[in-house]
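Just so it is clear, none of the values below were taken in a lab; they were calculated from the coordinates. In this text, all values refer to a predicted model and were calculated from it rather than measured experimentally. In this analysis, Cβ positions are derived from the backbone assuming ideal geometry, glycine residues included, and neighbour counts consider all displayed protein chains.
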Amino acid sequence: MSKKNKIYIIDVTNRDGVQTSRLGLAKLEKTIINLYLNKMGIYQSEFGFPFTNHEINYLKANLELAKMGVLKPIRLSGWCRTIKEDVIKAAEIGIEHVNISISTSEQMVRGKFQGRVVRNPEEDPSKPSIIGMMVETLQEAKKRGIKTVGVNAEDASRTDDEFLIKFARIAKENGADRIRYCDTLGYDDPFTIYNRVKKLASEVQIPIEMHCHNDLGMAVACSVAGAKAAIDAGVDAYINTTINGMGERAGNADLISVILALKKSSGLKDSYSLDERIDLSYAWKIAKYASYAFGVPIPVNQVGVGDNAFAHESGIHADGALKDRRNYELYDYEELGRGEPEIIETGRKITTGEYGGIKGFRNVYDKLEIEFKDEKEAYRILELVRYANVHTQKPLTADELRFIAKYPDQAKQILTVVPPV
């Protein structure tokens with residue numbers, strides 16, 4: 001293990017989280033999440049799909065915000081299939097960081113590709129191969145000037161070591177910046193994933209990105225175990241997270257749980273270096289916002305941000321916590337941005353939405369202490385707020401309203417979704 005190697009967080013809420021069945025986020029909500037992730041010091045946001053038409057305006061607007069310094073220093077990365085056309089589209093709209101993904105297990109090759117693809121070129125030269133497609137797409141991305149390319153081994157946890165190492169080595173030889181080890185079905189446990197990632201990283205000496213699902217309830221444990229293995233093998237580690245663990249089926253590794261595990265657990269906190277930019281004081285705010293945006297309540301026992309995370313009732317526990325919080329609290333709620341009272345309006349409440357008028361609109365913005373230079377500007381922002389409410393179909397938050405008023409051009413682009421046919 002090298003002291004210089006670090007663990008970085010790549011949040012994939014805006015890519016994997018929004019793939020959750022029956023749930024999703026409006027483009028404005030995805031943008032606000034990027035802003036919060038940036039303030040939280042997260043290294044990278046996988047912010048969408050460059051090959052999906054309805055994403056393009058949102059992606060371009062967020063890239064504009066990055067150029068303006070609003071979304072800095074966070075990196076915005078696109079997720080692409082291992083298809084040349086995908087990375088060409090990513091490069092054309094100015095995305096500088098991508099992950100290209102292809103399945104690597106025998107199960108996926110048989111069950112998903114149904115014999116149309118082989119794993120190695122020599123198996124059947126007449127058919128496309130996993131390795132050939134990966135190399136072709138990777139080289140195209142580099143040729144197009146994309147700065148960093150991660151190569152995803154989907155279903156890595158069910159891929160034999162020999163092929164996984166070969167796949168990673170060839171990716172490295174062709175310019176890959178890291179390998180994403182995908183525990184796509186949550187099949188690994190912390191012990192198997194440690195051993196496999198340690199072997200992979202030691203053999204290939206390439207940074208490893210952990211992408212774990214929670215089908216067996218071990219996504220966080222597997223993520224930190226895999227990251228530990230990468231660092232122990234002498235390379236940097238990256239962990240994929242989603243806010244509140246939102247993701248397909250049983251979800252992904254929860255952002256706040258992963259950070260707390262790395263910062264507070266007995267075996268990790270003093271021996272492994274987490275990206276120093278991370279600011280946990282945004283944890284409460286980002287978890288509450290994602291819960292509101294997705295329309296999914298935070299479980300009462302959710303790590304760090306659940307209503308009971310710092311609640312004590314039994315006599316022994318309450319007595320102990322009151323005497324010294326360290327008796328029954330491993331970390332402080334203030335560290336997560338908790339502790340301030342939340343004000344709930346119980347009297348008259350004026351909101352503004354898709355059918356709102358100028359009087360109510362001005363009342364809402366007056367309370368936010370935002371002034372407009374003239375009536376024309378006020379009406380322009382009102383119209384954008386109306387369209388935003390059409391997209392979100394719920395009352396806009398204070399930060400959403402502030403964003404629209406401060407960045408109306410980018411807000412307009414984000415809210416513009418035009419079918420191509």
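Miscellaneous remarks
- Distance (nanometres) between label positions extended 7 Å along Cα→Cβ at Glu329 and Lys359: 4.6 nm
- Directionally averaged shadow of the chain, computed from the convex hull of its alpha-carbon atoms, nm²: 23.5 nm²
- Restriction of the trypsin sites (Lys or Arg not before Pro) in the stretch 332-421 to DSSP coil positions whose beta-carbon has at most 13 other beta-carbons within 10 angstrom yields Arg348, Lys349, Lys373.
- Among His317, His213, sorting on how many other beta-carbon atoms sit within 10 Å of each Cβ, with the fewest leading, yields His317, His213.
- Cβ crowding within 10 Å ranks Leu59, Leu415 as Leu415, Leu59, fewest other Cβ atoms first.
- Unit charges at the beta carbon, dipole of the chain: most positive-side option, Gln410, Thr104, Thr242: Gln410
- Taking Cα centre as origin and charging only the Cβ of basic (Lys, Arg, +1) and acidic (Asp, Glu, -1) residues, the dipole magnitude of the stretch 308-421 rounds to 560 debye.
- Members of Lys143/Lys172; Lys6/Lys166; Lys67/Lys359; Lys30/Lys112; Lys72/Lys359 lying beyond 27 Å, as alpha-carbon distances in this model show: Lys67/Lys359; Lys30/Lys112; Lys72/Lys359
- Using the Cβ-Cβ distance between Ile343 and Ala318 with R0 set to 25 Å, the FRET efficiency from 1/(1 + (r/R0)^6) comes to roughly 0.40.
- Val390, Val385, Val258, Val70 arranged by Cβ crowding within 10 Å, fewest neighbours leading: Val390, Val70, Val385, Val258
- Rounded to the nearest 20, the size of the Cβ-charge dipole of the stretch 358-409 about its Cα centre is 160 debye, with Lys and Arg at +1 and Asp and Glu at -1.
- Label point 7 Å beyond Cα of Thr52 along Cβ direction - residues of the stretch 385-419 with amide nitrogen under 15 Å: 417-419
- Mean-square fluctuations from a GNM of the chain, with a 10 angstrom spring cutoff on Cα atoms, peak among Ala225, Ala283, Ala66 at Ala66.
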